[in-house]
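What follows is a single structure, written as structure tokens, with notes after it.
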Amino acid sequence: MELSLSSSLHSNTPCFIPLSRNLSPCISRQNLVSSSTSSFLRRNLTERVSLKNNKYLIRYRRRLIMRSQSSTVINDDDDDGFIIQGVPHLTDFLPDLPSYPNPLKKSQAYAIVKNTFVSPKDLVAENNIIQKGSPRGVHFMRAGPREKVYFLPEKVRACIVTCGGLCPGINTVIREIVCGLSNMYSVDDVLGIQGGYRGFYSHNTVHLTPKVVNDIHKRGGTFLQTSRGGHDTKKIVDNIQDRGINQVYIIGGDGTHKGAAAIYKEVESRGLQVSVVGIPKTIDNDIAVIDKSFGFDTAVEEAQRAINAAHVEAECVENGVGIVKLMGRYSGFIAMFATLANGDVDCCLIPESPFYLEGQGGLFEYIEQRLKENGHVLIVLAEGAGQEYIAQSMKAGNGTDASGNRLLSDVGLWLTQKVKDHFTNVRKMTINLKYIDPTYMIRAIPSNAYDNIYCTLLAQSAVHGTMAGFTGFTVGPVNSRFAYIPINRVTETQNIVKLTDRMWARLLASTNQPSFLGKPEYLQGKFDKETMDIINRMQITSI
């Protein structure tokens, strides 16, 4: 077999390396996935390691990622497309780093656990449904405590920072990181970085102890304050180095995780023993790979209050129309799940699905039909729904916020006015319309019981990972099992509602709303050919 290193080994995309049946037994799988030079490969080709029983399929920890920080993937033809996607480890760039026995061996809490430590053979499958004969697919490292740690508790100085918008559960994550470090690993030096990334170089910190964070999980928002933008990698890492910080816990969404990846790269280039971990946060549930983001369940539950209020207002008057706007800049998960949970909603509008107002099969026709049948109608829409349509009709701009997110027009107010104008001026009908926007009320509340448990597991998994020496990773549930995931996997794409999946079909069946798949002639003039082609192919991301 001819072995060559291509330029793909130094890219930011996963590298798939097939292992031939004729591969010489002197080459271990772990040696194939190094980002070093060819001399490093030649040096390792002399190591005689048996591949009996595929032992080394699992031995991926230290060399499974490239020093270019992109995630390395192994694809073994002998194992039905079994792919392992690992995360960086401090020993990748600090090979002489000493390890120590995990103090959990002496923990009363873990004494009753049959298997205190996670086996290196434990993997979590990205897809839990496969067809017979198909590739087994990507697998991630299972989260949890390891037998060896790479930090002495008395020498740990950890820090926690929160970035981006608010979300139920942030305070629970902060609390459980502090309590996890203290109760499980006897770490008592934890700093809270106040005000987002800017806090690193603005010297805004607070010392965190279990007593300080004891009841913060009962409050909404973030105990540490937050901000958007303000990421200066060099300044941040300078500050980390100056303060002697060696564990960095970063709570945030897509943009925040890109910043965490940049911090990790800078830390590695300086050869610092600093573990960097991201904890995914977004109320919209638009983070890829993981099952669900924390705070989402709370948001769906809290949205019921607004939807129920709008329903009462609508059904208690003649021709009542209730409109509720929920969060969902690019993904309509909150609106979709809140609609399914409620049962009274007549129509749900989300960013992934185009809709139109006038003509056959349009929203106005459907509203009039429901008013005639039931005397009232209830509409739920995500904040990102119909933004391109609004931009063209209102000639709105395309500005962005400090995080680089597109500034959205208020689709709720826009739709409210459109509905009023149509039925008052065109249909000559009297309607009683009530518009409710609970956006900031939903994201500012404390997390519910389910999300509190979820946040606890997230925080503890992150603590176990950093103490074990892993770095440059994020943590989250994959098929209900917590796993360590390369940061680039959660930032390379966004999770959106797939209009061809069964969940959206279930919603359409529940509400009996039109799918808005018709192509009225007047729409052809409002959207360019490329946009219409996307709509026609049902590969919709935002419109």
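Tabulated values for the structure
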| quantity | calculated |
| --- | --- |
| Residues satisfying the stated conditions in segment 278-293, i.e. among the hydroxyl-bearing types (Ser, Thr, Tyr) and either open to solvent by less than 10 Å² (accessible area, probe 1.4 Å) or modelled with pLDDT of 95 or more (or both) | Ser293 |
| Selection status of Tyr110, hydroxyl-bearing (Ser, Thr, Tyr), touching a Ser or Thr at 6+ places or on another chain (Cβ under 6 Å) and either at pLDDT below 80 or open to solvent by 40 Å² or more (accessible area, probe 1.4 Å) (or both) | yes |
| Selection status of Ile485, farther than 30 Å from Asn246 by Cα, at pLDDT 95 or above and either under 15 Å from the mean Cα position of the chain (by Cα) or of a type outside the set (Ser, Thr, Tyr) (or both) | no |
| Where a residue in segment 450-479 is more than 18 Å from Phe117 (Cβ to Cβ) and its partner, wherever it lies, is open to solvent by 10 Å² or more (accessible area, probe 1.4 Å) and among the hydroxyl-bearing types (Ser, Thr, Tyr), with Cβ under 7 Å and at least six apart | Cys455/Ser447 |
| Number of positions in segment 216-258 that are assigned to a loop (DSSP other than H, G, I, E, B) and either farther than 17 Å from Gly164 by Cα or of a type in the set (A, V, I, L, M, F, W, C) (or both) | 6 |
| Looking only at segment 341-384, and only at residues there that are of a type in the set (D, E, K, R) and either over 36 Å from the mean Cα position of the chain (by Cα) or open to solvent by 30 Å² or more (accessible area, probe 1.4 Å) (or both), the one that is modelled with the lowest pLDDT | Glu358 |
| Selection within segment 296-338 - outside any helix (DSSP H, G or I) and under 26 Å from Pro354 (Cβ atoms) | Val321, Gly322, Ile323, Val324, Lys325, Leu326, Met327, Gly328, Arg329, Tyr330, Ser331, Gly332 |
| Residue selected from segment 259-277 under the condition among the polar types (S, T, N, Q) and not in a loop (DSSP other than H, G, I, E, B), by the criterion most open to solvent (accessible area, probe 1.4 Å) | Ser269 |
| Number of the exception - Asn214 against (1) touching a strand residue (DSSP E or B) at 6+ places or on another chain (Cβ under 6 Å); (2) under 26 Å from Met441 (Cα atoms) | (1) |
| Scan of segment 138-170 for residues that are part of a strand (DSSP E or B) and either aromatic (Phe, Trp, Tyr) or out of contact with any strand residue (DSSP E or B) (no Cβ under 6 Å at 6 or more places or on another chain) (or both), ordered by number | Phe140, Lys148 |
| Lone unmet requirement of (1) crowded, with 22+ Cβ neighbours inside 10 Å; (2) in contact (Cβ under 8 Å) with a residue 60 or more places away in the chain; (3) not acidic (Asp, Glu) for Gly192 | (2) |
| Residue count, segment 493-514 (criterion: open to solvent by 50 Å² or more (accessible area, probe 1.4 Å) and either in contact with a strand residue (DSSP E or B) (Cβ under 6 Å, 6 or more places away or on another chain) or in a loop (DSSP other than H, G, I, E, B) (or both)) | 5 |
| Exclusive hit being without any contact (Cβ under 8 Å) to a residue 60 or more places away in the chain and either crowded, with 19+ Cβ neighbours inside 10 Å or of a type in the set (S, T, N, Q) (or both), set Thr424, Thr416, Thr430 | Thr424 |
| Selection from segment 73-103 of residues that are under 14 Å from Leu123 (Cα atoms) and either assigned to a helix (DSSP H, G or I) or modelled with pLDDT under 95 (or both) | Val73, Ile74, Phe82, Ile83, Ile84, Gln85, Gly86 |
| Set Ile240, Ile251, Ile279: member being hydrophobic (A, V, I, L, M, F, W, C) and touching a Lys or Arg at 6+ places or on another chain (Cβ under 8 Å) | Ile251 |
| Residue among Glu301, Glu318 that alone is open to solvent by 40 Å² or more (accessible area, probe 1.4 Å), of a type outside the set (Val, Ile, Thr) and in contact with a His (Cβ under 9 Å, 6 or more places away or on another chain) | Glu318 |
| Residues located in segment 344-388, provided they are out of contact with any Pro (no Cβ under 9 Å at 6 or more places or on another chain) and part of a strand (DSSP E or B) | Cys348, Leu349, His376, Val377, Leu378, Ile379, Val380, Leu381 |
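The values are calculated or read from the model by the stated rules, or taken from the named source; none is laboratory data. Quantities reported herein were computed from a predicted structural model and do not represent experimental measurements. Positions of Cβ are backbone-derived with ideal geometry, glycine not excepted, and every protein chain shown enters the neighbour counts. With ligands, DNA and RNA removed, areas are computed over all heavy atoms of the protein, side chains included. Shrake-Rupley method; radii C 1.70, N 1.55, O 1.52, S 1.80 Å.
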